[in-house]
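Just so you know, all these numbers are worked out from the coordinates, no wet-lab data involved. Just so we're clear, the structure is a prediction, and the values are computed from it rather than from any experiment. Counting neighbours? That spans all protein chains shown, and the Cβs are built from the backbone with ideal geometry, glycine included.
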Amino acid sequence: MYHDNDRSKMFSRRALVLGGGKALLMGALAARMYYLQVMEANKYAMLAEDNRVSTRLLAPPRGLILDRNGIAMAVNQHNYRAMVVAERTPSLDYTLDALSRIITIGDGERARVHKEARRRRSFVPISVRENLTWEEVARVEVNAADLPGVIIDVGQSRHYPLESLGAHILGYVSAVSENELTDDPLEELPGFRIGKGGVERIYDMAMRGRHGTSSVEVNAVGRVIRELERKEGEPGVDLNLTLDVKLQEYAAQRLGDESAAVVVMDIHTGDVIVMASTPSFDPNAFNRGLTSEEWKDLSTNPRSPLSNKAIAGQFAPGSTFKLVTALAALESRDITPEMRVFCSGHTQMGSIKFHCWKKEGHGAQDMISGIKNSCDVYFYEVARRTGFEKIAEMARRFGMGGPTGVDLPNERPGNIPDKAWKKKALKQPWHPGETLINAIGQGYVTTTPIQLAVMTARIANGGFGVVPHVARDTIVDKSVKSRTNPQWPNLNVSRQSLALVRKGMFAVSNEPGGTAYKARITQEGMWLSGKTGSAQVRRITMRERETGVKKNDQLPWKERDHALFVAYAPEENPRYSIAVVVEHGGGGSAVAAPIARDIMIEVQKRDLARVAEAKDDATDLRRF
Amino acid sequence: MLRPMPRMPSRLNRTEMSVRDKIWQINWSLIAVLSAIACVGFATLYSAAQGSLDPWAMKQMVRFAIGISIMIGIALVDLRFWMRNAYIMYVIAFILLVAVELRGTIGMGAQRWIDLGFIQLQPSEIMKIALILALARYFHGAGFQEIGRPLFLIPPLIMVFAPAILVLKQPDLGTAMMLVLSSGALFFMAGVRVWKFVLVIAGGLAAIPLAWQFLREYQKKRVLIFLDPENDPLGAGYHITQSKIALGSGGMFGKGYMMGTQSRLNFLPEKQTDFIFTMFAEEWGMMGGLVLLGLYALLLAFGYAIAMRCRSQFGRLVAHGITTTFFLYFFINTAMVMGLVPVVGVPLPLISYGGTAMLSLLAGWGLVMSAYIHRDVPISRRGMGEE
């Protein structure tokens, strides 16, 4: 028995030792708990919060683009897209494989996702497919459990309801490319689009708006459980244009299949009411993504649908330039308006013979009849007496030889040559004969349709340097401000000279024998005054002159003359100016003038309609 | 006439006890502590299911009820019966272990259980209890001289290492470790000299490089990641990192019941089984953790008190052995989720969702209680009454 007693004592002793050891270990557990939960608690609380909360950017809706009457030209549409968050996937390929069993994913899209995943931070969702159909959205949602890291997101995509109408002015939106990145956090957003052309580009910053943020609770696989906090951003500013889409539509229709451009502007305010360039394109196709074939068609078409010819087409102005030549000569007093020049169909300068467009000649011409008949020989003489330097200076005063400053990207300057220019560009001296050729808008002189419209506006408004614009408002510090009533600079051209030129233009359109008499407006109060132009694009050889100059319809399209017409209306109290250029269209009087007439009738009708509407509103108010 | 005075003048000091006597002796406060711990488990499982009895809490309650009944049943069986049958149970457990090993190699992968239909029986869990019984029986009759002989220690060592190696091969590092550690404690309690332990531990340390080669790739990885969890925050270190975040963010008083973000949002892996302590401590904070630790400590104290009051060496060794096994369960589990030891698959006793561990642990406590009820019953070397 004592034997067992001993064992019992030893057992108790040893139990104390082991029990003490256990107590020590439990003390260690408690100490560890204290360390983790009290000493390091803040650090881990932060990490837990990091786990739980994910902050997402909210894209503000892009500002709409409206025409002058509030008709929507660019709107936003819901765009359902499948996105993938790289850090929530077991591997990007695994998730893409799983997703491709549900919706189609092309190799190109796959490569793009991988590329973007490398560029962006791993928690930023990357768009896999855009514009999902309802059925596709449903299929992805149903299979959500098998698609770790995939989320369906409702984005907004730009839509241009009028399609090709006004496409050149609107421009288009597309993904940010690397060299366009700024510090705007919105650019981090997947599928974020910025304006890439037209007013979409010029007014991009204001139309983007400011981003909002949304803090959401996410679980371990990245699924959003609930929203914790939401800070709405500021929606983009709506942009009101000065364009009138109804007139725009009419103009585009009237130009038809021609490669042509029309600009109609308000001569006092600078509002561009119509700016059409044909053929056009559908900007929605850019948003959707062009197929390589569509792109090839657009980019290789000889009538260049992608280019806005109204501001980027540089054409020889032809006889429309004679208005500037006339002004330069009158202002410099190198000629008097009464001075007569006899046109026999040609004139001689040194050994070179310069032809008038009318082989038989116009007989004796003064300033008014010179403009009315567009007599080349008369203007050869005027130019010879004035010198091209003064003509070039006057051309620049009237908006040529440099961008007009219209609020559109990629405006081309055209060209107004002078001695210095020729020396620099061609390393040749100026030939006296070139003064004659350039004074009638041939040779080195090129202008854009909008420059011609501006020139005409400045003649019609009494010599004020009106600058055109397509947006009714202007941008100050990323936000849109109303344009204040503009005070255009005085161009310092005498009233008499302008009145004389306008009288010539009146004769062109309204006196029998005027080059545009057949395209006159007969409606009372809508009469227009204009100037035709036919710019030759090929050289007429001596032999051809002997055998008879070929008619335009005998020539291949590329060799035909450009048809031009500039005008303002209404005659008594001018309000609008117009420039029509039909590339390789033939004669100005036959092709361009009728187009201008028809458009100007519509423009003035709309004007009258607006006045009537305003009256109606007034009567309505009185009635109540 | 002088009769020898009984050492414990008690009516329990009898070779035979009636069932009624035994029922009177059931230690209800021990059952209360076990139930309190189990209730912590139910509440946590209810929260893990986002406030639902399904799929875990209800099943766990049923199992606990069954387990408590089994425990009382075992407690009422004469301790000598368990001693007499200790070796047989050990042999059966061993055969079952070999069976799963064979089936595991023939069948697919590491299957550690035998499906009995109503329960998936894990032989390694049975072995934890059977080994303690067998060793207790072996050392029960041993005097100091015998224990002092090195040769006497060979059979129990084989009894320990044979199943330990089998379990390690499954591979189940946690269970193997528990078998060896709890047996070690039993050897110590039986009176094996301290220097022998020093010798074995030194030998064991020397054998670590050798043992390293036996570890599976994922086990090696776990050890390495334990040493530096930040190394692999999204891979194998993810579990432990997220567990520490959950614990730490719980702070002193916790995020509130059913409001643990880490567990709710599934950042915490295995929140209903191995990482349930983390979830509990996230929601209840350090205070909750300490209360739970206190409950476990109370249970240990009961185990020790019972072990010390036992008159028989067998009862003492069994009570202490089971208590130690229980301690190892919760120590390894909590130390693991707190990043103190490598990640091994050891559940938190009575709380983690799982049937086998719950039943085998309660069966073990049944044996402890049996030792308590029969604390004054003298047991002969062969497991009979007083010789």
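Summary of values
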item	result
Lys/Arg +1, Asp/Glu -1 at C-beta; chain A dipole; positive extreme among A:T484, A:V591, A:V341	A:V341
Full-stretch length increase - B:E16, B:V200 - with 0.36 nm per residue and alpha-carbon distance subtracted	62.1 nm
Set of lysines near A:K196 by C-alpha distance (under 26 Å), chain-local residues within fewer than 8 positions excluded	A:K115, A:K246, A:K296, A:K309, A:K478, A:K481
Stretch gain in nm, segment A:H114-A:R396, where the contour uses 0.36 nm per residue and the Cα spacing is subtracted	96.2 nm
Cβ-placed point charges (K, R +1; D, E -1), dipole of the stretch B:19-373 about Cα centre in debye, nearest 20	840
Residue-wise HN-Hα coupling along the stretch A:334-351, computed from phi with Karplus coefficients 6.51, -1.76, 1.60 (Hz; x: Gly, Pro)	6, 9, 10, x, 7, 3, 10, 10, 8, 9, 9, x, 6, 9, 10, 9, x, 8
Residues of type aspartates and glutamates that A:K550 reaches as a straight line, Cα spacing below 15 Å, ignoring anything fewer than 8 places off in the same chain	A:E559, A:D561
For the stretch A:88-104 versus the stretch A:126-198, the gap between their alpha-carbon centres in whole angstrom	20
Counted charge near A:M275, where neighbours are those whose Cβ lies closer than 12 Å (Asp, Glu -1; Lys, Arg +1)	-4
Leading residue at positive end of dipole, the stretch A:55-240 (Cβ point charges), from A:M207, A:V140, A:L57	A:L57
Per-pair calculated FRET efficiency, R0 = 45 Å: A:T474 and A:V154 via Cβ, rounded to 0.05	0.85
Within the protein assembly as shown: Cβ-based charge dipole about Cα centre, in debye rounded to nearest 20 (Lys, Arg +1; Asp, Glu -1)	2600
Those lysines that a straight Cα-Cα span of less than 25 Å connects to A:K390, excepting residues fewer than 8 apart in one chain	A:K322, A:K353, A:K372, A:K419, A:K422, A:K423, A:K424, A:K427, A:K503, A:K531
The stretch A:55-240: relative contact order as a whole-number percent, Cα under 8 Å and 6+ apart	34
Selection of trypsin sites (Lys or Arg not before Pro), the stretch A:416-455, meeting DSSP coil and at most 11 other Cβ within 10 Å	A:K427
Residues whose placed amide H lies under 5 Å from that of A:L228, excluding near-sequence neighbours	A:S215, A:V216, A:E217
At R0 = 60 Å, FRET efficiency that the Cβ-Cβ distance of A:K359 and A:N131 yields, to 0.05	0.45
HN-Hα J in Hz across the stretch B:62-76 - Karplus 6.51, -1.76, 1.60, θ = phi - 60°, x for Gly and Pro	4, 4, 5, 4, 4, x, 5, 4, 4, 4, 5, x, 5, 4, 7
Theoretical FRET efficiency, 1/(1+(r/R0)^6), r = Cβ-Cβ of A:D334 and A:R539, R0 22 Å, to 0.05	0.15
Likely footprinting exposure, B:R137, A:R68, fewest C-beta neighbours within 10 Å first	A:R68, B:R137
Point-charge dipole on Cβ atoms (K/R +1, D/E -1) for the stretch A:55-240, about Cα centre, debye to 20	120
Listed residue (A:F464, B:M17, A:P302) projecting farthest to the positive dipole end of the protein assembly as shown, Cβ model	B:M17
For the protein assembly as shown, the Rg and Dmax computed from alpha carbons only, in angstrom	49.3, 174
Long-range lysine pairs (8 or more apart or interchain), the stretch B:19-373, Cα under 21 Å	8
Spatial separation of Cα centroids for the stretch B:116-165 and the stretch A:252-317, in angstrom	94
Average projected area [Cα convex hull, the stretch B:19-373], square nanometres	18.3
Largest-first ellipsoid semi-axes for the stretch A:204-318, taking √(5λ) over the Cα gyration tensor eigenvalues, angstrom	42, 22, 11
